[in-house]
Amino acid sequence: MEKQVIVKLHKNFEDCAHEKDGVEFWYARELQGLLGYEQWRNFESVIEKAQVACIGAKQDISDHFADVSKMVDIGSGAKKPIPDIMLTRYACYLIAQNGDPRKDEIAFAMTYFAVQTRKQEIVEQRLAEWERLHAREKLSISEKTLSGILFERGVDGQGFARIRSKGDQALFGGYNTQDMKSKLGVPEKRPLADFLPGVTIKAKDLATEITSFNVKKDQALRGEMPITSEHVKNNQNMREMLAKSGIHPESLPPEEDTKKLERKLKSEDKKLPKSVKKLKK
């Protein structure tokens, strides 16, 4: 997510934060707009899913969701009450979890409400960690999809591994998968991608998706050699694109193991309902 987008979203979410008796909260009607929902009834269904998740986490709904009524202008100085809900940080987090993570607003909200501080730099750091983890999961799905397609085209598991390594060799300027694992100090039995920076993971994913697309489209692409050439070409294109921005994948240092990162983020999320202040009854 681009820096300017993060800055804008952070300000929007901060501007809608409220506090009462030392408890920070957000109104559901305002959160609806922040998360890009146009109709209240659609957003209500997301709130209901979040409440179910709250119960599943053995939390009292009333500690995090409080029904209230707000007066709104209806013209000519007249007002009428509409239902609204006061939401704790944890309630907002659960709501974001039930949204579409491909939307910038939802992805940002999941991170914004998960951290215990509202400092932008902390939110930005965790968002980068979440995006890297999401990219790694996406690459796993893309590789499984490609493996299935190649099996139908006469390529077995070992053949797929060789194709993937040749693709890595093209992306990393001559270093194949095993070379890069040795270069970055990746444990023998662990996937290289678990230790790559987010930008490299996304480049591998896009090359993999393009290979899948072209193999499905072209019935002539059968067998290991033709598909290897296709995959190498797509990874070379990714390398050229990165090079134009001064990025050389083989020179980037390794990053934190995504498995450890996943455990860390899940641990932080589990602590959230116990650490946020609850709404007073």
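Just so it is clear, none of the values below were taken in a lab; they were calculated from the coordinates. Just so we're clear, the structure is a prediction, and the values are computed from it rather than from any experiment. Positions of Cβ are generated from backbone atoms using ideal geometry, with glycine treated the same way; all protein chains shown enter the neighbour counts.
Taking a 31 Å limit on the Cα-Cα distance, which of the listed pairs 49/204; 166/264; 144/274; 103/217; 166/259 fall beyond it? Show your work: numbers first, answer last.
Working: 49/204 35 Å; 166/264 33 Å; 144/274 38 Å; 103/217 29 Å; 166/259 25 Å.
Checking Cα-Cα distances, 49/204; 166/264; 144/274 exceed 31 Å.
Could you compute Rg(Cα) / (2.2 N^0.38 Å) for the stretch 27-79, with N its residue count? Kindly include the intermediate steps, with their values, before the conclusion.
On the way: Rg = 13.9 Å, N = 53, 2.2 N^0.38 = 9.9 Å.
Against the compact-globule rule of thumb, the ratio is 1.40.
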task: Express the relative contact order of the stretch 3-113 as a whole percentage, based on alpha carbon pairs under 8 Å and six or more residues apart in sequence.
output: 28 percent
task: Any aspartates and glutamates with Cα under 16 Å of the residue 80 Cα? List them, leaving off those in the same chain fewer than 8 positions away.
output: none
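Count neighbours as other Cβ atoms within 10 Å of each site's Cβ, and list the GluC sites (Glu not before Pro) in the stretch 84-170 that are DSSP loop with at most 13 such neighbours. Could you put the intermediate results ahead of the total?
Numbers: sites: 105, 121, 124, 129, 131, 137, 143, 152; in loops: none.
When the GluC sites (Glu not before Pro) of the stretch 84-170 are filtered for loop state and at most 13 Cβ neighbours within 10 Å, nothing remains.
Just in the stretch 1-53: which GluC sites (Glu not before Pro) are loop by DSSP and have at most 11 other Cβ atoms within 10 Å?
Numbers: sites: 2, 14, 19, 24, 30, 38, 44, 48; in loops: 2, 38.
The qualifying sites are 2, 38.
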statement: Candidates 191, 81, 226; GNM for the chain (alpha-carbon contacts under 10 Å) flags as most fluctuating 81
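Quote the relative contact order of the stretch 75-196 in percent (integer), defining contacts as alpha-carbon pairs under 8 Å separated by 6+ residues. Each step should come with its number before you reach the end.
Details: 61 pairs, mean separation 13.4, N = 122.
Worked out over the stretch 75-196, it gives 11 percent.
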query: Mean residue ellipticity at 222 nm from the helices of the chain, using -39,500 (n - 2.57) per DSSP H segment of n ≥ 4 over the full residue count, to the nearest 500 deg cm²/dmol?
result: -20000 deg cm²/dmol
message: Just to verify a number: FRET efficiency for residue 61 and residue 199, C-beta to C-beta distance, R0 = 35 Å, to 0.05?
response: 0.30
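Using mean Cβ contacts within 10 Å as the protection proxy, how do 159-169, 199-209 order, highest first?
199-209, 159-169
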query: When only C-alpha pairs under 8 Å and at least 6 residues apart count, what is the relative contact order of the stretch 130-265, in percent?
result: 36 percent
statement: For the chain, the longest principal axis of the Cα atoms and the Cα long axis of helix 198-217 enclose an angle in degrees, to the nearest 10, of 70 degrees
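Work out the FRET efficiency for residue 277 and residue 141 from their Cβ-Cβ distance, taking R0 = 51 Å, and round it to the nearest 0.05.
Details: r = 38 Å, r/R0 = 0.75.
Efficiency, rounded to the nearest 0.05: 0.85.
Length gain on complete extension for the stretch residue 5 to residue 266, per 0.36 nm per residue less the alpha carbon to alpha carbon distance?
Details: separation 261, 0.36 × 261 = 93.96 nm, distance 2.51 nm.
Here the segment from residue 5 to residue 266 would lengthen by 91.5 nm.
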field: Förster radius 30 Å - calculated FRET efficiency between residue 245 and residue 38, Cβ distance, rounded to 0.05
entry: 0.25
message: Under 20 Å from a point placed 7 Å out from the Cα of residue 53 along the Cα-to-Cβ direction: which residues of the stretch 1-30 have their backbone N that close?
response: 10, 13-14, 17, 24-30
